Amino acid sequence: MLIRSRRGWELPESAATPEDVYLNRRQAMGAGAMLLAGLGAGTLSSPAAAQRVGDVPDPSASLYPAPRNPRYTLERPVTPEAKSSLVNNYYEFSYGKVVGPSMTRFQRRPWLVKIDGLVEKPQEMGIDDLFKKVKFEERLYRHRCVEAWSMAVPWTGFPMKDLVALAAPTSGAKYIKMETFLDPKVAPNQRDFRYTWPYVEGLTLEEATNELAFLVTGVYGKPAPNQFGAPLRLVLPWKYGFKSIKGIVRFTFTDKQPVSFWEQLQGSEYGFWANVNPKVPHPRWSQASEEDIATGERVPTVIFNGYGEYVADLYKGRETQKIWF
Ligand code: MTE
């Protein structure tokens, strides 16, 4: 199927793009440790690494580093930025994993954020005005992709419930639909008609106001490099990474369950909920274990990515629904 051929995370390892650090490393592992070392060194001296180090000046830079919230701890080391910034998914720009070099036309300012729908306070504001209304903090979260790789990231941002409070949803609001910017002049793959742009994601209001739902502005104690979804993205550590929409420009409160980008494309494989569960395999990937992109270690996957104590209650009574994909 045509669409399938363009979906990076569906590529068999043999078809991985040459710049894909993660898959390259896996191939290298098969070929021997010497080759592995060589590939790693080559990648870090690539243009993508230069983009990472050279982070574009950002008007919010003085807000960093934000104090770390000690409530969210990790049982494994933080993934080095040199790894995590070269293993990204941002389909608007690239179907491979090294996204930075495809983002040369991307500008993080001006950036307008719209809040509309079933709210008492519909509003549109510049991102820096939004930042004045919230308090930044840093959180260490595990990040689990449906492709069965994982990392641990120090995100900076603010709880999504603070944005919900700014909107003041009416009693009819049950869901929040989020949209990425739409500008094919900036994001070349938005011309690819096989996908329905813009990228859309959705949450229930209960999920959005759960303490873990985090709107991210920065990583590693500074404004997020573009490929991480600057200047505003979502992070939901108990769900597969595709729910964590990047480059957000709009939050619409609604009474209808939003249909997400992937769900619209392939509803038989990607649903609305997408909670991490090692016992429910995706058609192409077992979810029983995951590979740490920094160490190459394969570790067992934990239900809700280990965040069950925070979120399991959200899904009580929904057991008969397709809550795992
Ligand atoms: N958001 C947009 N707008 N476009 C995308 O292609 N990819 C998703 C998600 N958010 C994506 C997106 C997927 S598949 C994953 S795994 C995560 O972003 C990757 O986040 P990372 O690059 O910070 O690891």
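Straight-line reach from LYS133: taking Cα to Cα under 12 Å and skipping same-chain neighbours fewer than 8 places apart, the aspartates and glutamates in range are ASP162.
Charging the Cβ of each Asp and Glu at -1 and of each Lys and Arg at +1, and nothing else, the dipole of region 13-312 about its Cα centre rounds to 220 debye. Evaluating 6.51 cos²θ - 1.76 cosθ + 1.60 at θ = phi - 60° for every residue in region 235-250, the Karplus couplings come out as 9, 10, x, 8, 10, 4, x, 5, 6, 7, 5, 9, x, 6, 10, 8 Hz, glycine and proline recorded as x.
Which entries of LYS185/LYS239; LYS83/LYS256; LYS121/LYS185; LYS83/LYS322; LYS161/LYS185; LYS135/LYS243 have Cα-Cα distances beyond 28 Å here? Exceeds cut-off: LYS185/LYS239; LYS83/LYS256; LYS121/LYS185; LYS83/LYS322; LYS161/LYS185.
Using θ = phi - 60° in the Karplus curve 6.51 cos²θ - 1.76 cosθ + 1.60, the 3J(HN,Hα) couplings for region 275-285 round to 7, 5, 8, x, 8, 10, x, 7, x, 10, 9 Hz; x is entered for Gly and Pro. Taking amide H positions as modeled 1.01 Å from N, with prolines and chain starts lacking one, the residues under 5 Å from VAL99 and 5 or more places away or on another chain are ASN88.
For region 60-120, just say rounded, prolate or oblate: build the C-alpha gyration tensor, square-root its eigenvalues into a ≥ b ≥ c, call rounded for a/c under 1.5, and beyond that prolate if a/b exceeds b/c, oblate if not. Verdict is oblate for region 60-120. Put in order of Cβ neighbour count within 10 Å, fewest first, the listed residues HIS143, HIS282 become HIS282, HIS143. Centroid-to-centroid, using Cα positions, region 108-180 and region 188-225 are 8 Å apart. Distant-in-sequence amide contacts of GLU290, defined by a placed amide H-H separation under 5 Å and a gap of 5 or more residues or a different chain, comprise VAL299, THR301. Across region 286-296, rounded Karplus estimates of 3J(HN,Hα) from the backbone phi angles (6.51 cos²θ - 1.76 cosθ + 1.60, θ = phi - 60°) give 5, 9, 5, 9, 9, 9, 6, 5, 7, 9, x Hz, Gly and Pro being marked x. Rounded, prolate or oblate, given the Cα gyration tensor of region 216-325, with a/c below 1.5 counting as rounded? Taking the square roots of the gyration eigenvalues as a ≥ b ≥ c, region 216-325 is oblate. Remark: VAL216, VAL311 ranked as VAL311, VAL216, counting other beta-carbon atoms within 10 Å and listing the fewest first.
When region 13-312 is described by a simple charge dipole with +1 on each Lys and Arg Cβ and -1 on each Asp and Glu Cβ, the residue from TYR175, ALA213, GLY157 located farthest towards its positive end is GLY157. Scanning residues 5 or more positions from VAL119 or on other chains, those with amide H under 5 Å from its amide H are THR170, with H placed 1.01 Å from N in the peptide plane.
Among ILE127, ILE176, ILE303, which comes first, then next, by fewest other beta-carbon atoms within 10 Å?
Details: ILE127 20, ILE176 29, ILE303 17.
Sorted ascending by nearby Cβ count, the order is ILE303, ILE127, ILE176.
With Cα atoms defining each centre, region 286-315 and region 68-105 are spaced 18 Å apart in the structure.
No lab work stands behind these numbers, since they all come straight from the coordinates. Keep in mind that what you see is a predicted model, and the values were worked out from it rather than measured. All Cβ positions, glycine included, derive from the backbone under ideal geometry; neighbour counts span all protein chains shown.
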